[in-house]
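The next block holds one structure in the form of structure tokens; read it before the comments.
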Amino acid sequence: MTSAHVTLRGVTKRFPASGGGPPVHALGPVDLDIRQGEFFAIVGPSGCGKSTLLELIAGLLPATEGRIEFEGRPIGQEIPDGIGVVFQEDACFPWLTVRENVEFGLRKVALAAGERARRVNDAIAMMGLGDFARSHPAQLSGGMRQRVCIARTLVAEPRLLLLDEPFGALDQQTRLLMGDEVLRLWRQIGATVFLITHALDEAAMLADRIAVMSARPGRVIDLVETHWPRERDSRVVERADFGAVTSRLWKTLREESMKTMGRTPGAA
Amino acid sequence: MRLYQFGVIAGLVLLLEGLCLTGVIDKITMQPPHRILIDFFRLMTAGTLYPEIGKSLANVLLAFALAYVVGLVAGTALHGYRTLRETLDPLFATYYAIPVFAFYPLFIVIFGLGDGPQVLIGFLLGVVAVIVTTLNGLDRVPRVLRKTARIARLGPLETALKVTLPFCSPYLITAAKLALAYAFIGVIGSEFIMARSGMGYEISYAFLNFDNATMYPLILLILLLSIVLNGMLTHWEKVLLARRGLQ
């Protein structure tokens with residue numbers, strides 16, 4: 001778990017301003033090495049460019065400056081093979097059944113019919129959706145719909161799994177359980193996971209390493225290693241050193257969040 | 001249809017029946033509904049107007065199909081070209097203030113006295129409604145679904161066919177309902193003005209000759225066709241919306 005799976009060097013993103021003003025400097029420069037098979041999380045204040053960073057790695061957005069490599073190949077405007085993304089918003093296709101939604105993930109994957117069916121069945125079973133394979137998303141709860149999206153991503157067997165606040169719309173109890181699910185899947189599929197979250201405890205519970213981003217334009221200002229064992233679940237929050245991790249994250253993030261809110265760091 | 005809705009319609013028909021039978025509405029103006037029904041079955045079993053009915057329906061179908069396909073393709077294409085769309089928006093906004101029927105003589109000069117001008121009017125009336133409704137539906141496709149299509153490495157055509165158009169299928173059914181209604185209005189209306197055949201011409205001819213036994217059954221036929229076809233589309237729309245938990 002030491003070689004770099006994803007490398008970012010001087011990655012910067014500026015968006016053109018509406019109304020002819022100067023471009024908005026949203027992100028960077030960012031330098032990062034995400035290791036093969038690790039669970040990597042990013043936390044940062046609102047609007048710091050976390051989701052932009054994820055979209056750059058996914059190939060959904062082009063970087064203004066800098067270079068991103070996945071498995072040694074540069075990421076351009078093409079979506080690279082082997083990347084899966086789970087978004088915060090409900091991305092289920094409402095006109096398709098659960099099974100059809102999951103099968104959609106294999107649309108561009110050349111597979112024999114038997115193998116295709118096996119993978120779809122496995123992904124549905126893995127996410128505990130076996131009884132709902134013929135249901136439409138409207139018949140499912142928010143958590144179940146998010147599991148459909150995860151199953152659709154996993155069915156293509158991605159080597160890099162990008163999670164953009166995937167539990168943002170869920171209640172705390174479901175978030176914890178989904179966190180356990182994600183940890184279990186991460187161990188099972190062996191993919192590198194890149195998680196964007198605004199929840200410090202979620203990042204601390206799930207990740208091997210956590211990057212803290214500054215207020216806009218987002219840069220990495222701290223990198224925290226958790227040293228949790230690979231075999232872990234949400235009970236990691238009971239560990240004595242869990243508080244030290246979240247405290248360090250909060251200490252760095254508090255100042256940045258205050259900058260975002262236009263307040264002076266250090267003020268009570 | 002719910003029982004109370006059926007009851008309201010049945011009540012109105014009975015009221016009309018009563019008004020006709022008591023002479024409040026005179027026979028020259030309108031036949032009582034039961035008489036219209038008898039004439040309708042007589043006309044349908046005789047089959048003498050089948051060629052006229054067939055010609056009108058073929059033209060309605062052609063105008064509908066053209067308006068729908070062209071509108072759908074144009075709407076989808078325009079959605080990707082913001083500048084062109086913004087240029088055409090004022091035209092779309094004021095389009096239905098233009099009396100398309102006023103151009104009928106021009107269409108006859110260009111296309112002759114055949115079915116062309118009638119189909120063209122049906123097409124012109126419907127196509128913009130389909131374009132606007134398609135654009136309206138495409139505007140509502142969540143960004144996350146487009147991103148999901150990109151992650152699945154779908155090209156623009158595949159994204160349109162597999163993601164964006166299926167998402168806005170309820171809007172596309174609304175577009176079909178509008179195109180169908182406008183196709184009927186355009187074709188039958190044009191036949192009224194200058195044609196020498198078709199249901200519109202037959203209704204107009206019967207009207208000028210006080211032939212209520214032909215005029216009202218033909219009007220009833222047009223009504224029934226419109227209601228049945230629209231009812232089918234509405235049912236389909238409800239099924240799609242129900243699947244999405246919107247009914």
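The values are calculated or read from the model by the stated rules, or taken from the named source; none is laboratory data. Note that the structure is a prediction, hence the values are computed from the model and not measured. In this analysis, Cβ positions are derived from the backbone assuming ideal geometry, glycine residues included, and neighbour counts consider all displayed protein chains. For accessibility, only protein heavy atoms count, side chains too; no ligands or nucleic acids. Shrake-Rupley method; radii C 1.70, N 1.55, O 1.52, S 1.80 Å.
With contacts taken as Cα pairs under 8 Å at a separation of at least 6 residues, chain A carries a relative contact order of 25 percent. For A:ALA26, the residues whose amide H sits under 5 Å from its own are A:LYS13, A:ARG14, A:PHE15, ignoring neighbours fewer than 5 places away on the same chain, with H placed 1.01 Å from N.
Of the Cα atoms belonging to chain A, the radius of gyration and Dmax stand at 18.9, 63 Å.
Looking at the protein assembly as shown, send over the antiparallel percent of its DSSP beta bridges, to the nearest 5. Looking only at bridges with both residues in the protein assembly as shown, the antiparallel portion is about 55 percent.
Can you tell me which lysines have their Cα less than 22 Å from the Cα of A:LYS251? Leave out same-chain residues fewer than eight positions away. Answer for A:LYS251, where 22 Å is the Cα cut-off: A:LYS50, A:LYS259, listed by chain and number. With 50 Å² as the minimum drop in accessible area between chain alone and full protein complex (1.4 Å probe), the qualifying residues in region A:102-122 are A:PHE104, A:ARG107, A:LYS108. Every helix of 4 or more DSSP H residues in the protein assembly as shown counts as -39500 (n - 2.57), and over all residues that averages to -17500 deg cm²/dmol at 222 nm. One chain, two ends: A:HIS25 and A:LEU111. Fully extended at 0.36 nm per residue, the span grows by 26.7 nm beyond their Cα-Cα distance.
Of the listed residues B:TYR81, B:TYR205, the order by accessible area with a 1.4 Å probe, largest first, is B:TYR81, B:TYR205. Charged neighbours of A:PHE15, selected by a Cβ distance under 12 Å, balance to +2 (K, R count +1; D, E count -1).
A dipole drawn for chain B from +1 and -1 charges on Cβ atoms has a positive end, and of B:ALA10, B:ASN230, B:ASN59 the residue lying farthest that way is B:ASN230.
Taking the charge dipole of region B:1-154 about its Cα centre, with +1 at Lys and Arg Cβ atoms and -1 at Asp and Glu Cβ atoms, the residue from B:THR45, B:VAL128, B:LEU84 reaching farthest to the positive side is B:LEU84.
Between the helical axis of A:242-260 and the dominant principal axis of chain A, each derived from Cα atoms, what acute angle in degrees is found, rounded to the nearest 10? Helix A:242-260 and the main axis of chain A meet at about 60 degrees.
With all protein chains in place and ligands, DNA and RNA left out, the 1.4 Å accessible area ranks B:LYS55, A:LYS108, A:LYS13 as A:LYS108, B:LYS55, A:LYS13, largest first.
Roughly to the nearest percent, how much of the accessible area of region B:32-243 is carbon and sulfur, given a 1.4 Å probe?
On the way: 7620 of 10520 Å².
Carbon plus sulfur share of accessible area: 72 percent.
Within the protein assembly as shown, the percentage of alpha carbon pairs spaced more than 31 angstrom apart rounds to 60%. Name the shape class, rounded, prolate or oblate, that the alpha-carbon gyration tensor gives for region B:13-53, where a ≥ b ≥ c are the square roots of its eigenvalues, rounded holds for a/c under 1.5, and otherwise prolate holds if a/b is larger than b/c and oblate otherwise. Note, shape of region B:13-53 comes out prolate. Of all DSSP-defined beta bridges confined to chain A, some 55% are antiparallel rather than parallel.
Cβ under 12 Å from B:GLU52's Cβ, B:GLU52 left aside: what net charge do those residues give with Lys, Arg +1 and Asp, Glu -1? Before the final figure, lay out the partial values.
On the way: positive: B:LYS55, B:ARG196; negative: B:GLU191, B:GLU202.
With Lys, Arg at +1 and Asp, Glu at -1, the neighbours total 0.
Ignoring lysines fewer than eight residues from B:LYS162 along the same chain, the ones with Cα atoms less than 24 angstrom from its Cα are A:LYS108, B:LYS147, B:LYS177, B:LYS238. Span-like helix check, chain B: qualifying full DSSP H segments, with Cα axial length of 27 Å or more and mean Kyte-Doolittle of -1.0 or more, are B:50-79, B:116-139, B:169-193, B:212-243.
Per residue of B:148-160, other chain Cβ atoms within 10 Å of the residue Cβ number 5 on average. With the dipole of region A:75-179 worked out from charges on the C-beta (+1 for Lys and Arg, -1 for Asp and Glu) around the Cα centre, which of A:CYS149, A:GLN88, A:GLN77 lies farthest toward the positive end? Toward the positive end, the furthest listed residue is A:CYS149.
To the nearest 10, the accessible area of B:SER169 is 20 Å² with a 1.4 Å probe. Projecting the alpha carbon convex hull of chain B along each direction and taking the average yields 17.0 nm². Assuming charge only on the beta carbon of Lys and Arg (+1) and of Asp and Glu (-1), the dipole of the protein assembly as shown about its Cα centre is about 520 debye to the nearest 20.
Hydrodynamic radius of region B:111-247 by the Kirkwood approach over all distinct alpha-carbon pairs: 17.5 Å. Helix A:113-126 and the long axis of chain A differ in direction by around 60°, with both axes built from C-alpha atoms.
What total accessible area, in Å², is buried where chains A and B meet, using a 1.4 Å probe and rounding to the nearest 100?
Values: alone 12790 and 14490 Å², together 25200 Å².
Chains A and B together bury roughly 2100 Å² of accessible area.
Angle check, please: helix A:142-154 long axis (alpha carbons) against the longest principal axis of chain A (alpha carbons), in degrees 0 to 90, nearest 10. Roughly 80 degrees, rounded to the nearest 10.
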